[in-house]
Structures are given as structure tokens and as C-alpha cells.
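Single-structure report; data block below.
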Protein chains: 4
Amino acid sequence: MSAPVIRKASGPDSLVISDDCNHPANVICELCRLFFDKDWVTGTGGGMSIRQDNLVYLAPSGVQKERMKPENMFVMDLNTRDYLKTPDTYKPSACTPLFLSIYNAADAGACIHTHSQSAVMVSLLYDKEFRISNIEQIKAVPRITEAGYLDNTDELVIPIIENTLQEEDLTPYLAKTLMEYPAASAVIVRRHGIFVWGANIWKAKIINEAIDYLLELAVKMRSFGINTTGPLGIEKESPYHECSHHH
Amino acid sequence: MSAPVIRKASGPDSLVISDDCNHPANVICELCRLFFDKDWVTGTGGGMSIRQDNLVYLAPSGVQKERMKPENMFVMDLNTRDYLKTPDTYKPSACTPLFLSIYNAADAGACIHTHSQSAVMVSLLYDKEFRISNIEQIKAVPRITEAGYLDNTDELVIPIIENTLQEEDLTPYLAKTLMEYPAASAVIVRRHGIFVWGANIWKAKIINEAIDYLLELAVKMRSFGINTTGPLGIEKESPYHECSHHH
Amino acid sequence: MSAPVIRKASGPDSLVISDDCNHPANVICELCRLFFDKDWVTGTGGGMSIRQDNLVYLAPSGVQKERMKPENMFVMDLNTRDYLKTPDTYKPSACTPLFLSIYNAADAGACIHTHSQSAVMVSLLYDKEFRISNIEQIKAVPRITEAGYLDNTDELVIPIIENTLQEEDLTPYLAKTLMEYPAASAVIVRRHGIFVWGANIWKAKIINEAIDYLLELAVKMRSFGINTTGPLGIEKESPYHECSHHH
Amino acid sequence: MSAPVIRKASGPDSLVISDDCNHPANVICELCRLFFDKDWVTGTGGGMSIRQDNLVYLAPSGVQKERMKPENMFVMDLNTRDYLKTPDTYKPSACTPLFLSIYNAADAGACIHTHSQSAVMVSLLYDKEFRISNIEQIKAVPRITEAGYLDNTDELVIPIIENTLQEEDLTPYLAKTLMEYPAASAVIVRRHGIFVWGANIWKAKIINEAIDYLLELAVKMRSFGINTTGPLGIEKESPYHECSHHH
């Protein structure tokens, strides 16, 4: 019943109405539904944006993520910061200045913000940085400051910043962190969630899925008393390991 | 196979048959299916109601939530408490007096009742009230007694009442609690589930999702020995925290 | 792509081909897909059967539960135990004698067998019987030996029997247990799964969902050191409870 | 929107374009979507291949598993190792030499590789082999070196090999393990995931689901202090068991 009706449109709507399933406005709708099903953006938490050349597509604030339609999108000119298209009933997402800050610093083509419970739990179990190494899924995360992807023996480091009262107040802390961690593909906000980006939306999606997998795994590992860093074989110190003397 | 056939109807059926996907009878069917998929209303547990002006739409008792059809709905006149439409084979939900009590006290436009396992687990880990603060998702919950939404630094308080033998016997305790907690958006019933409401069904849905997220997170936090209230940094006392001396 | 093509059929196929979505062969396909999505019948584990008057509809052995089609069904005459319809490529389910035993003893209209992980975990945490009381969801379980449903203050008792090498070897133990527990709606098989039944398939489905909810909840409760029986307030003895002195 | 358009094709595309839902290229797309939903292949992790006579169908590298289309497939001649069909924009999967190694050693008709979190957790809790016995679901795993399937009293043994920097570097270790464990249906790669195979894709899928069920159950059992091997009744030694003196 709520499937978007695809039609040709004139005026500002032409920026978001397309029968190409890879059009940014359609992709945001497809992925918000998918992320809702994965429990990353329930309760209207989280947000998503795609940049194509100079146009920034932004999911609106407060929308039911699984019911979003292309015509609900905002479209902004990245240079002038003018909205070229605003939907009828929605307000811009509070993530907007954060996404623009990421586009500015990281030359990203897409940004994803979720309230992933694994990200929140990791922010309650780690202090200034989340670190994990020697897990295959790490290889899905790009190096950024040089070509290619991390090795599975590299340590993935995700900085954790403190939450603020208003989402936009995170902007200077996020910008500072992007400068301090030029190789970062993500920033965790303590007791809040995670921001992830990539060269385009499909790469950002993969990085988000890979990192969330690692966050979920890290929470499980720590519940079994296993550190996510340290030498191979450190898991044998866990009291739950079959080789453990505590067993 | 079980998709509702949308058709114009006359007689009482005209109250529930509409090709508008935002009609209350269609929305209840859409959301009951969604909530079934999220495991909030399995085993015919839970219920849902929408109030539109003076009409109250009520999902029936004992129905398979993922197979509900608009013609299964009850429609009641809120003033006279007469049923304007009753389905052929179903009985009114035992939640009906509770929903009416909420409409009466809280001026809500929709009520949701689930048997969420996170709500039941929280009712087994907390005494008289569930309390949580310093989590971003708290901002999705309205203040009720004043305009706007909670800050993430506010403490969300959800009263917990004792269960009764019959669901309708909860009514006086719920009514009393609504008076004692005029800012509440939800009430947990110990060893039973949760009632959530909002100005309209879409707001009630968001509040339900946000609160359930917080309940699920709270259960995880306590399993790691982390209190859901107290000052920022209290998580460092957890034996699972990387800064912990117990580690 | 794998949606069943509904067509009128003659010969034995007429027993399973119908465009009525409530026909037993269609309902078994719909529910097996649903149960696959809920992770109750992955790896071709589990089974399902509906009895309508003297006809017993049986899902075959070894079929991909989410791809089952009405023409894959077996149909048996309950009196003669003759197959009135056998599918081309499948073998009868090893559950068949167990389902017949339940139809014989419990006058059920449908049987469900799953390899639910919660059922297996409960069979590893409880000895001869699973017992739980004072949880609302208990009210979805019928009394059987008298009219109506359990109260939430009643103790739900599900007997646990030992597993055997061959599934059909469970039959005498199941039959004996059905005699010893005439009020049972389910039997757990240790390290194996659970059998659930009801007056018809929709009631059996509700009972299965309600019991699985209680099994899942019980595993969580015990992980927090909370007994599933005993007086109200026993949860305060948990070291995880906010009132606990151990906290 | 992203549903594959089924059309007749000439040239190499004819190897992958078919309106038969059981054509290998269609089955890989159907199952990758299913496995994505089950969280086994998120973040483009994992891979899948089907062998039909001398043709090997291979899902490409780096593709969004839930959006895969038949025309994205590689098709290789198993004898010559020549690609008979390569998609436009994708690279061969790094799993390719591993899948070929399995086809060579195990005479399999299909291979599945996932980054299952349960497989990774098991590789952190067990040393050289994962072992489990006395669970019904074991019966879904074939004996390989003789006809038929394991008994539920048999011990399922899955070897665990160490991870390597490049996926293809696993090949000699996998080949060596296949020789040492001729009865194996799967190999776990520590901190990485699992490879599973079967006589055809539907058998491989069932074995993968059954083994993942057992891995997930094993992680739960160990979190309750229950060994996955040893005599029946060993679970009573768990401090969480109702008969436990530690309780």
C-alpha cells in the first residue's frame, strides 16, 4: 500500500522523482526500510544522506523510516547551502550540519547515522577509542589515507566522542575528531550511536554493516571475557574457553 | 494471499473499508503485522487502538496479528461507548477499558499494548519505576505536561504497576497511575508488558519503538553491571569496562 | 518466483490444490514460511500437520520449509492410516507417528514440532518439567481438562521427555506422557525441541508462539538468576535487581 | 524495484539468464538475499557457488548480497578453469580457489561461505576442533565417508583452521584439512567464518543452517557453563540448572 508511485515530475520534485532504482532519493528510501528492519533506525532515530556532485540528498527529521517516500527528501546545494527542494510537511534532520561537516572533511559521497545498540553498548565498555584486530570482517573497512582496505591483522580504531544536548552541537567535536583521525571511516557518539561514511552510498552501507558486525561481536566477546585487541590466542585466557584452567 | 481486498462498502463496514492507506483500520492492520514481525505481539498478545475525533478503532481479541483485516475491527463511539461496528467472529479486546481510560486521562489519539520481553525483563529488574538517563533515544519521548520532548540528560521515568488476574482489573490502577504520573507516555505492567500512547498513532508508534529500544538497552546494560541512571561515567565501574580494575 | 501457482486440480491433487487461503495445504505452506523466518524450523528441522475431520495433512520430510508448496503435502486417512495423496519426490515426515499419537490422545486438530533453541535450552536448565507462573502470556494456554484458559497465576507445566535415536521411537514415551499429563498442550524433548498442539491450526499456532515466548523468557530470567516459579517478588533476590544487596 | 527481470538471452548471458527459479544463477540470488536477512553475509562478507556438471557458478566479489542479479554471476569451466561468463563490473570472489579446492577434494555440488558470528564466537571458545553431541539437529549432517546421516548421539566434529592475511592463502590449509577430515561437511576459520558444502545447493543450505544452529546453541550453552560434549546429564553440573547445588 505504501509503495512509492514512480512518476515523472516537473519543478523541484524532478530532483527526487525518478524511475531509476539507483536514483539517490530511491536508494535512501530502500535503505531506510532495510535499516529499520535491522533495528538500526527505529523510533525515527538515525539519518541518511547521499551527495551526488554538488547535490546533497537528505532524509527528513521525524519520518517513519520504513514508510519514507522520495518526495519526502530534502535536496541541498553543497556550495550555497540552499535547499533546492523541501518536502511539504517535514523539517530538516538535526544530522544535517554533521553530514555537511563529514562531506567537507572526508570527501565522502554518503553518510549514515544510526542508533545501533551495539554502538551504544561499545561506548559504555570502551573509553576514548574502540579498537579491534584479527577479525576477518575488518577487511571491509577502507584505509582512507592510502589506497586499499585494512588487513585483518590491522587494528581498526574508531574514536568515541561525548554526546551533547543538541545533535548539531556535536559538529565541532566531530570536525576536530575528523582532523585527528584522518583514516577514520566512522565516529561513535557515547550513549547515542554512530556516524559512518563512504565514497558512495553502497560503500558507506558496506562499511556500516561491517563495523556494526564488529561492534556486535565485540560486545559478545567482552561478555565472555575476551579482549578485542592483543595477540592471537588471547581468547584462551577467557574462563569460558575450553582450554581454560578456570573452566 | 491474505492481503486485504480494498473495496467500497456501505453500512457499518463503511467505517473500516477504505482505499486510503492512512485510514485507521488500514494502519492498525499494517502496524500489527509490523509489530508481529518485531516479536512484540506474538501469541495474540497485545493490542492496538486509534481514536479519530469521537471514533475509537479497536483491534479485536484473539486475532492473529499478522493476518488482521480492516473488517475485523471494532469501532466505538467514545461518548456513548456504543459499538458502531462489530466484526462477525471476534470478541472485543480485554484492553478496551484500559485504552478508554488512557483516552480519558491522557487525551491520546492512539494506544499500543505489547507483551515486549524487554518490558517484562525490566519489570523483573526494577521495583516501582524504570529510570534511565543520558541516552540519546530518550529525546524521542514527549514531555506531555509541557511542550516539546525530553532532553537526553533528562531522566525518563516509567511507572511499574502490579499485574492483575483479569486485564480489565488493571483499569483503576492504571487510572491512578496516570494521575500520579501526568508526564508519563507509558506504563509497564509487571510480568505482563507495557502500555504506550501518543497524540496520534504515528507518534505512539515512535514512542513505543523508542521506549522499547531503551528497555532492551537497559536489560543489556544491567547484564554488564551498568546502572541506567547516575552520573556520566558510571559505566566505568562495570567489571566489563576496559578501564575497570576488576578486568 | 517460488509462489505457489493456485489452480484447480483433479485426482489426488484435488486434496491439496485450492485457491482458498485457509485450505490446510495452503495454511501449512504459509506457516512453515513464517516459522522459518522465526528460526524455529531451519535446516529442515521440525514439522507440521493439520487434521480436518478424518483427513490428516502432513508436511513432508526434508523439505525446505520456506519453499514448500501445497502439492508437496501428504494426506492420510486417519482411520485407515492409508495415504490418499503422496507427493512425487518426498518421504513422509518422521514426525508422522508422533502426530498421529497426539491426534489419538489429545483430540487435537493440528500439531506443530519445532527445534526451537529456547526449548532446547530449557531442556538443559530444567529436569523433568518446565514450570513457570505469574507471567501474563500464560493466559494464552488452554486448560484442556476443563473449559477456558490458564490464569496468569497458574503454574504452566510442560513435561520434558528424553530424546531417542529415531524420532518415531519417541512415540511410546510421548503417548505415556500424554496420559500422565492430560492437561498438557505441549511436550519438550530434551536436546531436541518441542511438540505443541491445539484444537485447530490457528489455536496451535497461538499456543506455540505463547509457549515459545515463555521458554525464551525463562532462559533470560535464569541468566539473571531469577526463578520462573515461586512467590511474586522472588525476582528481588536476583543479584541484578536494583533492590539487591549484592548489587 | 530491484527484482531481476527474467528474459531470454544469447551469448554468454545465456549461461545465467533463465526463467527457471531452480537455475543456479537464480538460486544463488535467492539464497544470498535469504542469507543477508539472516545476518550471515552482511557487509559483502561471505560467498556462494554452485557446480552443475562441469560448470561452476560463482557470486562475484564485493556485491550487495541482497541486490544480486543473475547477470552478476561468474561461470567457470571446472576442467579448464576458464571463465565462460564474466559480469561487467565485478571481480571474481576471493573465495574462488577455496571453492575449487572443495569441489576437487569433496566432490561437492555447492559451497557456502559465511561470516556467521556464531562461527567466529565458537572459534574463540574452542581450540583445534568444535565438538558437539546429543543434540537432535546433528542428524541433518551427512556422514560423507559412508551413506546416511549422523545419529544424534554421534559427535559432530568441525575442524578449526587459523586465518591468513589473504583469503586465497587459506587454500593449502583447507586442502590439508579436507584430507585429514574426510568426513567433514564444514571447516571453521578462526576469527573469520565458516565454509560449508554439500552434494547440491539445497543440501548445502540445509547443512549450513543445521551447523549454524548448533554453533549458536553451543555459544549459549557455554554462556550457561554447559559443555557441548560429555555424557547425557552433564548439563546438571551447570550452576544455572535447577538441580544445581550452586544455585
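Checking each residue in the range D:32-58 for being open to solvent by 40 Å² or more (accessible area, probe 1.4 Å) and within 14 Å of A:Tyr213 (Cα to Cα) picks out D:Asp37, D:Lys38, D:Asp39.
Only one of C:Glu209, C:Glu235 is within 11 Å of another protein chain (Cβ to nearest Cβ), open to solvent by less than 60 Å² (accessible area, probe 1.4 Å), over 28 Å from D:Gly230 (Cβ atoms) and in contact with a Leu (Cβ under 6 Å, 6 or more places away or on another chain). Can you tell me which?
One residue alone meets the criteria, C:Glu235.
The set of residues in the range D:152-164 being more than 18 Å from D:Phe195 (Cα to Cα) and open to solvent by 50 Å² or more (accessible area, probe 1.4 Å) consists of D:Thr153, D:Glu155.
Beta carbons closer than 9 Å, at least 6 apart along the sequence or on distinct chains, pair a first residue in the range B:129-147 that is more than 10 Å from chain A (Cβ to nearest Cβ) and surrounded by fewer than 23 Cβ atoms within 10 Å (Cβ to Cβ) with a second that is among the charged types (D, E, K, R) and assigned to a strand (DSSP E or B) for B:Arg131/B:Glu155.
Tell me yes or no: at least one residue of the range B:77-94 is closer than 25 Å to C:Lys38 by Cα, in contact (Cβ under 8 Å) with a residue 60 or more places away in the chain, of a type outside the set (Asp, Glu) and out of contact with any His (no Cβ under 7 Å at 6 or more places or on another chain). Scanning the range B:77-94 turns up no residue that is closer than 25 Å to C:Lys38 by Cα, in contact (Cβ under 8 Å) with a residue 60 or more places away in the chain, of a type outside the set (Asp, Glu) and out of contact with any His (no Cβ under 7 Å at 6 or more places or on another chain).
Which of the residues spanning the range B:59-86 are open to solvent by less than 60 Å² (accessible area, probe 1.4 Å), touching a Phe, Trp or Tyr at 6+ places or on another chain (Cβ under 7 Å) and not in a helix (DSSP H, G or I)? Walk me through it before giving the result.
Keep residues of the range B:59-86 that are open to solvent by less than 60 Å² (accessible area, probe 1.4 Å), which gives B:59-68, B:70-78, B:85.
When the remaining residues are screened for being touching a Phe, Trp or Tyr at 6+ places or on another chain (Cβ under 7 Å), the result is B:60-66, B:72-76, B:78, B:85.
Once the filter is applied, which keeps residues that are open to solvent by less than 60 Å² (accessible area, probe 1.4 Å), touching a Phe, Trp or Tyr at 6+ places or on another chain (Cβ under 7 Å) and not in a helix (DSSP H, G or I), the range B:59-86 yields B:Pro60, B:Ser61, B:Gly62, B:Val63, B:Gln64, B:Met73, B:Phe74, B:Val75, B:Met76, B:Leu78, B:Lys85.
The single condition among (1) within 28 Å of B:Phe224 (Cβ to Cβ); (2) outside any loop (DSSP other than H, G, I, E, B) that A:Val56 does not satisfy is (1). For the range C:78-119, filtering for residues that are among the charged types (D, E, K, R) and within 16 Å of C:Glu167 (Cβ to Cβ) leaves 1. Residue pairs whose Cβ atoms lie under 8 Å apart, sitting 6 or more positions apart in sequence or on different chains, and linking a residue in the range B:179-197 that is within 21 Å of B:Leu150 (Cβ to Cβ) to a partner that is open to solvent by 10 Å² or more (accessible area, probe 1.4 Å) and part of a loop (DSSP other than H, G, I, E, B), are B:Pro182/B:Ile144; B:Pro182/B:Thr145; B:Ala183/B:Arg143; B:Ala183/B:Ile144; B:Ala183/B:Thr145; B:Ala184/B:Ile144; B:Ser185/B:Ile144; B:Val187/B:Tyr181. C:Val122 falls short on exactly one of the conditions (1) more than 14 Å from C:Ile211 (Cβ to Cβ); (2) more than 9 Å from every other protein chain (Cβ to nearest Cβ); (3) of a type in the set (A, V, I, L, M), and that condition is (1).
When each of A:Ala119, A:Ala106, A:Ala110 is tested for being touching a residue at least 40 places away in the same chain (Cβ under 8 Å) and surrounded by fewer than 19 Cβ atoms within 10 Å (Cβ to Cβ), the lone residue that passes is A:Ala106. Could you please let me know if B:Ala184 is modelled with pLDDT of 95 or more, open to solvent by less than 20 Å² (accessible area, probe 1.4 Å) and of a type in the set (Gly, Ala, Ser)? Yes: the conditions hold for B:Ala184. One residue stands out among those in the range D:97-130 that are under 12 Å from the mean Cα position of the chain (by Cα) and assigned to a strand (DSSP E or B): the one that is farthest from A:Glu216 (Cα to Cα), which is D:Ala110.
Within the range D:138-190, count every residue that is part of a strand (DSSP E or B) and closer than 24 Å to A:Asp154 by Cβ. So that I can check it myself, show each step before the final result.
Of the residues in the range D:138-190, the ones part of a strand (DSSP E or B) are D:142, D:149, D:155-161, D:186-189.
When the remaining residues are screened for being closer than 24 Å to A:Asp154 by Cβ, the result is D:160-161, D:188-189.
Number of matching residues: 4.
For the range D:148-161, the candidate set comprises residues that are out of contact with any Leu (no Cβ under 8 Å at 6 or more places or on another chain) and touching a residue at least 24 places away in the same chain (Cβ under 8 Å); within that set, the residue that is nearest to C:Glu162 (Cα to Cα) is D:Glu155.
Picking from A:Ala204, A:Ala218, which residue would you name as being open to solvent by less than 40 Å² (accessible area, probe 1.4 Å), modelled with pLDDT of 95 or more and within 19 Å of A:Ile135 (Cα to Cα)? Walk me through how you get there before you give the answer.
Working: A:Ala204 fails: within 19 Å of A:Ile135 (Cα to Cα).
Going through A:Ala204, A:Ala218 in turn, the sole match is A:Ala218.
Scanning the range B:219-247 for residues that are under 16 Å from A:Ser223 (Cβ atoms) and not in a loop (DSSP other than H, G, I, E, B) returns B:Val219, B:Lys220, B:Met221, B:Arg222, B:Ser223, B:Glu235.
For the range B:191-218, enumerate the residues that are among the small types (Gly, Ala, Ser) and part of a loop (DSSP other than H, G, I, E, B). It would help to see each step written out before you state the result.
Filtering the range B:191-218 for residues among the small types (Gly, Ala, Ser) gives B:193, B:198-199, B:204, B:210, B:218.
B:Ala199 - this is the single residue of the range B:191-218 that is among the small types (Gly, Ala, Ser) and part of a loop (DSSP other than H, G, I, E, B).
Could you figure out which of (1) in contact with a Pro (Cβ under 6 Å, 6 or more places away or on another chain); (2) modelled with pLDDT under 95 isn't true of A:Asp88? Every listed condition holds for A:Asp88 apart from (1).
The values are calculated or read from the model by the stated rules, or taken from the named source; none is laboratory data. Here the structure is a predicted model, which is why all the values come from computation and not from measurement. We place every Cβ from the backbone using ideal geometry, glycine too, and count neighbours over all the protein chains shown. Areas reflect the complete protein model, heavy atoms only, side chains present, ligands, DNA and RNA absent. Shrake-Rupley method; radii C 1.70, N 1.55, O 1.52, S 1.80 Å.
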